[in-house]
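The structure under discussion appears below in the form of structure tokens.
The values are calculated or read from the model by the stated rules, or taken from the named source; none is laboratory data. The structure presented is a predicted model; accordingly, all values stated were derived computationally and were not measured. Heads up, the Cβs are rebuilt from the backbone with ideal geometry, glycines too, and the neighbour counts pull from every protein chain shown. These area figures cover heavy atoms from the full protein model, side chains too; ligands, DNA and RNA do not enter into them. Shrake-Rupley method; radii C 1.70, N 1.55, O 1.52, S 1.80 Å.
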Amino acid sequence: MKKDQLHERKDFTTVRELVAWAAEEYPSRTAYSYRLDPNKPEVKKATFSELWADVRALGTELLDMGCRGRHCVVLGKFSYDWVRMYFALLSIGAVIVPLDRDWLPEDLADTVRRADAEFLFCDEDIAEKGDYIAENANLAAPVVTMLAKERELSVTSLIKLGAEKYAKDPSKFDDTPIDPDIMSLLVFTSGTTGKGKGVMLSQTNVLTDLSSVIPYVDFSQKTVGVLPPHHTYGSSVMMIGHAMIGSEIYISAGLRYIQKELKEQKPGHLVIVPLYLETFYRKIRANIKERGMEKKIELAIKASNAMRKVGIDLRKKLFSEVVAAFGGELKMAISGGAPINPEILHFFDAVGVGALNGYGITECAPIVAVNRSNNVVPGSVGHILDIDEVKIADPNEDGEGEICVRGSNVMLGYYKDKEATAEAFDEEGFFRTGDYGKLDKNGVLYITGRKKNLIILSNGKNVYPEEIENELAATPGVLDIIVYEGQSKRGLEYNAIVAEIYPDQDYIAKNGIEDIKAHIKPYIDEYNKTAVPYKKIGILKIRKTEFPKNTLRKILRFKLDMTID
């Protein structure tokens, strides 16, 4: 093994092979735990062997329904039913189309038509939305509900029927051929810059991607699952990745319950987006301030960091109260999906929670690079996966250019869009990510920003808004910030950089701040003192309403009004 490798790499040809292996390797370990009612104490649990039995039974019935080779929409929140459906569909050679249950019915029906879907599985509480989609997308098959209590056609009823059939003839499921290199997932991108495209992923794409990550990350035996499952980060990383290590996932009931669940479930690691880390950071900082412990904590961090340099690590003892907010056992948080302020990463590391950030994109199934538990490179998104080749196209004098990727995790293409697919790949077969960054000689990747967000000033200078946003994201009183070039309604040329901020309402109220702009301006001025002239913020705008976001809590930039007069 390599010196920073923690586990032997495990390779799987199909998802069915993976689930069967996990059941044999970890038969009595809990795979998933959850509450049917978040307000009641009873926690249900399913072992890996029970999961495999459910997948076999459900897959058998789905074969009889004719799902093999067909496009099947799964529309629901993260639940055990969603997990069983995901594994079962992939285990029979169906194409799963995971969609966001919060989209409008009209948008969902349009996407279902674009996806050429024939089957629809949705949560019972949105069954009416499912019926609307089925009617307007002309689905021939009836809607099957998940988490069902009333409808007869449900995941539970399908498993019951399938279990009897599997017991009589297991070969129908076990021997169904799976081609791991054809489309198995059709994932529609979140479209933060406009209407999303259908990304075609194979089982090889997903399995090789996660097999390349697992050996380098010190996963624990338990986590709390909080990410939406219709994104590859929330499905493949959670479901595929955690099956590879036999780790339990407690399925969170949602944001309003997360703090209570963390204290109760005591996870050893979390897989999250920056929004969660930023929220945790703000709450911890606010709590420290309310208790008058700011100076004490800062001194403890300085002393601890000094001792760590000589091999003495007292973080668990010094910061036990801080980690108690997460249940007391949290040792690592993996953050992806968006950039994150380095100050936040440094804080969590200082108090004993290793924060590993990485870089990924749906078209790469989704991970391209990630920091390793035994080899964290500050300021970077970590080492490139060993299955990938990465090149920087048209680099500038600083070595920054568009990140291009070639490897077994790169998508097959965009569904029924040959033109977009051709534009996405260069003449050497590298996928153009649309993200800017640079690569060092050790294969470590640094992200600069999104190509579509790049501000090109009239003087030819380039400004990456994410760079400025990260500098100011941890500003007290700031919940969200977006940086852009102001555009005049009168069509005048205008080069001022605008920082538009949505304030943290709780912080503002607790601290009795009446003039939000006056409170934040000194932090902007401090930033401007050290910023190069063309990156200085010229206009500060305060929003009264939240920024529009998708379900991964990414701000939808294309919906913003960037005019300034």
Within region 89-105, is there a residue that is more than 25 Å from the chain's Cα centre (by Cα), open to solvent by less than 40 Å² (accessible area, probe 1.4 Å) and among the hydrophobic types (A, V, I, L, M, F, W, C)?
-> yes
The one condition in (1) open to solvent by less than 10 Å² (accessible area, probe 1.4 Å); (2) part of a loop (DSSP other than H, G, I, E, B); (3) touching a Ser or Thr at 6+ places or on another chain (Cβ under 6 Å) that Leu277 fails to fulfil = (2)
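Against the definition (open to solvent by 20 Å² or more (accessible area, probe 1.4 Å), in a helix (DSSP H, G or I) and farther than 21 Å from Leu161 by Cα), how does Glu17 come out, yes or no?
Details: open to solvent by 20 Å² or more (accessible area, probe 1.4 Å): yes; in a helix (DSSP H, G or I): yes; farther than 21 Å from Leu161 by Cα: yes.
So Glu17 passes the test.
Here is a check on your reading of the model: is Gly69 in contact with a Gly (Cβ under 8 Å, 6 or more places away or on another chain), without any contact (Cβ under 8 Å) to a residue 40 or more places away in the chain and not polar (S, T, N, Q)? Step through it out loud before you land on a result.
Working: in contact with a Gly (Cβ under 8 Å, 6 or more places away or on another chain): yes; without any contact (Cβ under 8 Å) to a residue 40 or more places away in the chain: yes; not polar (S, T, N, Q): yes.
It is true that Gly69 is in contact with a Gly (Cβ under 8 Å, 6 or more places away or on another chain), without any contact (Cβ under 8 Å) to a residue 40 or more places away in the chain and not polar (S, T, N, Q).
Here's a check for you: in region 385-405, which residue that is closer than 22 Å to Met183 by Cβ and either of a type in the set (A, V, I, L, M, F, W, C) or touching a Phe, Trp or Tyr at 6+ places or on another chain (Cβ under 6 Å) (or both) is surrounded by the fewest Cβ atoms within 10 Å (Cβ to Cβ)? Break it down stepwise before answering.
Of all residues in region 385-405, those closer than 22 Å to Met183 by Cβ come to 385, 387-388, 405.
Applying the additional criterion that residues be either of a type in the set (A, V, I, L, M, F, W, C) or touching a Phe, Trp or Tyr at 6+ places or on another chain (Cβ under 6 Å) (or both) yields 385, 387, 405.
Numbers: Leu385: 27, Ile387: 18, Val405: 22.
Per the criteria, the residue is Ile387.
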On the given criteria, is Arg35 within 30 Å of Leu104 (Cα to Cα), surrounded by fewer than 23 Cβ atoms within 10 Å (Cβ to Cβ) and modelled with pLDDT of 95 or more?
-> yes
Tell me which residues, restricted to region 302-333, are touching a helix residue (DSSP H, G or I) at 6+ places or on another chain (Cβ under 8 Å), open to solvent by less than 20 Å² (accessible area, probe 1.4 Å) and in contact (Cβ under 8 Å) with a residue 40 or more places away in the chain.
-> Ser304, Phe326, Gly327, Leu330, Ala333
In region 166-225, what count of residues is obtained for those that are more than 23 Å from Ile96 (Cβ to Cβ), part of a strand (DSSP E or B) and open to solvent by less than 10 Å² (accessible area, probe 1.4 Å)?
-> 1
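Does Lys10 satisfy the condition of being part of a loop (DSSP other than H, G, I, E, B) and either in contact with a Cys (Cβ under 7 Å, 6 or more places away or on another chain) or surrounded by 15 or more Cβ atoms within 10 Å (Cβ to Cβ) (or both)?
Against the criterion (part of a loop (DSSP other than H, G, I, E, B) and either in contact with a Cys (Cβ under 7 Å, 6 or more places away or on another chain) or surrounded by 15 or more Cβ atoms within 10 Å (Cβ to Cβ) (or both)), Lys10 qualifies.
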Residue pairs qualifying under the 9 Å Cβ cut-off, at least six apart or on distinct chains, with the first in region 138-153 being closer than 12 Å to Gly76 by Cβ and the second being at pLDDT below 85 and not aromatic (Phe, Trp, Tyr), are Val143/Arg151; Val143/Leu153; Val144/Arg151; Val144/Leu153; Thr145/Arg151; Thr145/Leu153
Over region 106-119, the set of residues outside any loop (DSSP other than H, G, I, E, B), over 24 Å from the mean Cα position of the chain (by Cα) and surrounded by 22 or more Cβ atoms within 10 Å (Cβ to Cβ) is Phe119
Region 230-256: number of residues that are part of a helix (DSSP H, G or I), at pLDDT 90 or above and either open to solvent by 20 Å² or more (accessible area, probe 1.4 Å) or in contact with an Asp or Glu (Cβ under 6 Å, 6 or more places away or on another chain) (or both) = 2
Only one residue in Leu75, Leu153 is within 28 Å of Trp21 (Cα to Cα) and among the hydrophobic types (A, V, I, L, M, F, W, C), so which one is that?
-> Leu75
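Just to be sure, is Pro267 open to solvent by less than 20 Å² (accessible area, probe 1.4 Å), at pLDDT below 95 and not basic (Lys, Arg)?
On the way: open to solvent by less than 20 Å² (accessible area, probe 1.4 Å): yes; at pLDDT below 95: no; not basic (Lys, Arg): yes.
Judged against the criteria, Pro267 is not a match.
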If you go through Ser408, Ser380, the only one that is of a type in the set (S, T, N, Q) and surrounded by fewer than 20 Cβ atoms within 10 Å (Cβ to Cβ) is Ser408
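Matching residues to (1) closer than 30 Å to Gly241 by Cβ; (2) at pLDDT 95 or above; (3) outside any loop (DSSP other than H, G, I, E, B); (4) of a type in the set (Gly, Ala, Ser):
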| position | (1), (2), (3), (4) |
| --- | --- |
| Arg84 | yes, yes, yes, no |
| Leu89 | yes, yes, yes, no |
| Val97 | yes, yes, yes, no |
| Trp103 | yes, no, no, no |
| Phe121 | yes, yes, yes, no |
| Pro142 | no, no, no, no |
Taking region 20-32 and keeping only residues that are surrounded by 16 or more Cβ atoms within 10 Å (Cβ to Cβ) and either without any contact (Cβ under 8 Å) to a residue 60 or more places away in the chain or in a strand (DSSP E or B) (or both), one is left with Ala20, Trp21, Ala23, Thr30, Ala31, Tyr32
Being within 26 Å of Glu264 (Cα to Cα), out of contact with any Asp or Glu (no Cβ under 7 Å at 6 or more places or on another chain), open to solvent by 10 Å² or more (accessible area, probe 1.4 Å) and part of a helix (DSSP H, G or I), is that true of even one residue in region 58-75?
-> no
What number of residues in region 487-529 are modelled with pLDDT under 90, closer than 26 Å to Arg450 by Cα and over 30 Å from the mean Cα position of the chain (by Cα)?
-> 9
Pull up region 457-472, narrow it to residues that are at pLDDT below 85, touching a Lys or Arg at 6+ places or on another chain (Cβ under 9 Å) and surrounded by 15 or more Cβ atoms within 10 Å (Cβ to Cβ), then point me to the one that is nearest to Tyr534 (Cα to Cα).
-> Val463
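Hey, could you check region 500-548 for residues that are among the aliphatic types (A, V, I, L, M) and out of contact with any Gly (no Cβ under 9 Å at 6 or more places or on another chain) and say which is farthest from Ile482 (Cα to Cα)?
If we filter region 500-548 for residues that are among the aliphatic types (A, V, I, L, M), which is where we start, we get 501, 508-509, 513, 516, 518, 520, 524, 531-532, 537, 539-540, 542.
Among the residues that remain, those that are also out of contact with any Gly (no Cβ under 9 Å at 6 or more places or on another chain) are: 509, 518, 524, 531-532, 537, 540, 542.
Details: Ala509: 22, Ala518: 18, Ile524: 13, Ala531: 17, Val532: 19, Ile537: 12, Leu540: 10, Ile542: 11 Å.
Among residues in region 500-548 that are among the aliphatic types (A, V, I, L, M) and out of contact with any Gly (no Cβ under 9 Å at 6 or more places or on another chain), the one farthest from Ile482 (Cα to Cα) is Ala509.
Considering each of Asn409, Asn453 in turn, give the residue that is among the polar types (S, T, N, Q), in contact with a helix residue (DSSP H, G or I) (Cβ under 8 Å, 6 or more places away or on another chain), under 23 Å from Tyr534 (Cβ atoms) and in contact (Cβ under 8 Å) with a residue 40 or more places away in the chain. Even if it seems obvious, please write down each step before you answer.
Working: Asn409 fails: under 23 Å from Tyr534 (Cβ atoms).
Within the list Asn409, Asn453, the selection yields Asn453.
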